[in-house]
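Encoded as structure tokens, the structure appears first; notes follow it.
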Amino acid sequence: MIWVILMIILVGLDQWTKWFFFVNQSQFSHFEVIKDFFYLTYVENRGAAFGMMQNFRWGFLIITPVVLVFLIIYFIKNRNTLLRSALTFFIAGAVGNFIDRLFRGFVVDFLDFYPFGYDFPVFNAADIFVNIGAALLIIYLIFIYKEPEKEKEEIKEVQEQNGD
């Protein structure tokens, strides 16, 4: 139950921030927060991460629910806290951007950074959640995940048969 509550809070936070920038978009054409580094810039992203695959809305509206079903099934089947945390952030991020695509036809982005003078693509809270999920998944895979013994035995048998 705590996971569902966390997902709802994350999606709510994402949607609230997007709503705020959507209704106040005229104030955020390039609002300076930290000179030459961080700005609040309202952008209507009709693509995926970094603006790739522009105007692929219907594809995203079909693909996202399919991916979400797999993520939810995997979430239910696994009890590891770190893995569930990663999946919670993935699911919240995907749902947040899906809601935008479904009801607005585009994703509202507003966080605009210029690290070391590079104009990084504008992004939003849902994108941050997906990246947090990815980082947690990497940590899980490197430090916690272990292949099931059955698969290890099968791999060893194949290697022995091949003379490896």
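Output the number of residues of the range 48-58 satisfying the condition of being surrounded by 12 or more Cβ atoms within 10 Å (Cβ to Cβ) and under 14 Å from Asn97 (Cα atoms). Reasoning before the result, please.
Keep residues of the range 48-58 that are surrounded by 12 or more Cβ atoms within 10 Å (Cβ to Cβ), which gives 48-51, 53, 56-57.
Checking which are under 14 Å from Asn97 (Cα atoms) leaves us with 48-51, 56-57.
Of the residues in the range 48-58, 6 are surrounded by 12 or more Cβ atoms within 10 Å (Cβ to Cβ) and under 14 Å from Asn97 (Cα atoms).
Residue under question is Leu68, and the condition is that it be more than 18 Å from Phe110 (Cβ to Cβ), touching a Lys or Arg at 6+ places or on another chain (Cβ under 8 Å) and part of a helix (DSSP H, G or I); does it hold? Before the answer, list the steps.
Numbers: more than 18 Å from Phe110 (Cβ to Cβ): yes; touching a Lys or Arg at 6+ places or on another chain (Cβ under 8 Å): no; part of a helix (DSSP H, G or I): yes.
So Leu68 fails the test.
Taking the range 110-136 as the range and being in contact with a Ser or Thr (Cβ under 8 Å, 6 or more places away or on another chain), of a type outside the set (A, V, I, L, M) and under 15 Å from Phe21 (Cβ atoms) as the test, the residues that pass are Phe110, Asp112, Asn124. Screening Arg57 on (1) closer than 21 Å to Ile132 by Cβ; (2) in contact with a Gly (Cβ under 7 Å, 6 or more places away or on another chain) shows it passes everything except condition (1).
For (1) farther than 23 Å from Gln25 by Cα; (2) of a type in the set (S, T, N, Q); (3) without any contact (Cβ under 8 Å) to a residue 24 or more places away in the chain; (4) in contact with a Cys (Cβ under 6 Å, 6 or more places away or on another chain), each residue gets a yes or a no:
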residue: Phe89; (1), (2), (3), (4): yes, no, no, no
residue: Ala92; (1), (2), (3), (4): yes, no, no, no
residue: Phe98; (1), (2), (3), (4): no, no, no, no
residue: Phe103; (1), (2), (3), (4): no, no, yes, no
residue: Ile128; (1), (2), (3), (4): no, no, no, no
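Give the range 1-47 a look and list any residue that's assigned to a loop (DSSP other than H, G, I, E, B) and surrounded by 15 or more Cβ atoms within 10 Å (Cβ to Cβ), or say none. Let's see the steps before the verdict.
Of the range 1-47, the ones assigned to a loop (DSSP other than H, G, I, E, B) are 1, 24, 28-30, 35-37, 46-47.
Phe28, Arg46, Gly47, listed by residue number.
Among the conditions (1) farther than 30 Å from His30 by Cβ; (2) touching a residue at least 60 places away in the same chain (Cβ under 8 Å), the only one that Ile62 does not satisfy is (2).
Taken together, the values in this text are just the output of simple stated rules run on the coordinates, not laboratory data. Note that this is a predicted model, so its numbers are computed, not measured. Note: ideal-geometry Cβ built from the backbone for every residue, glycine included; neighbour counts use all protein chains shown.
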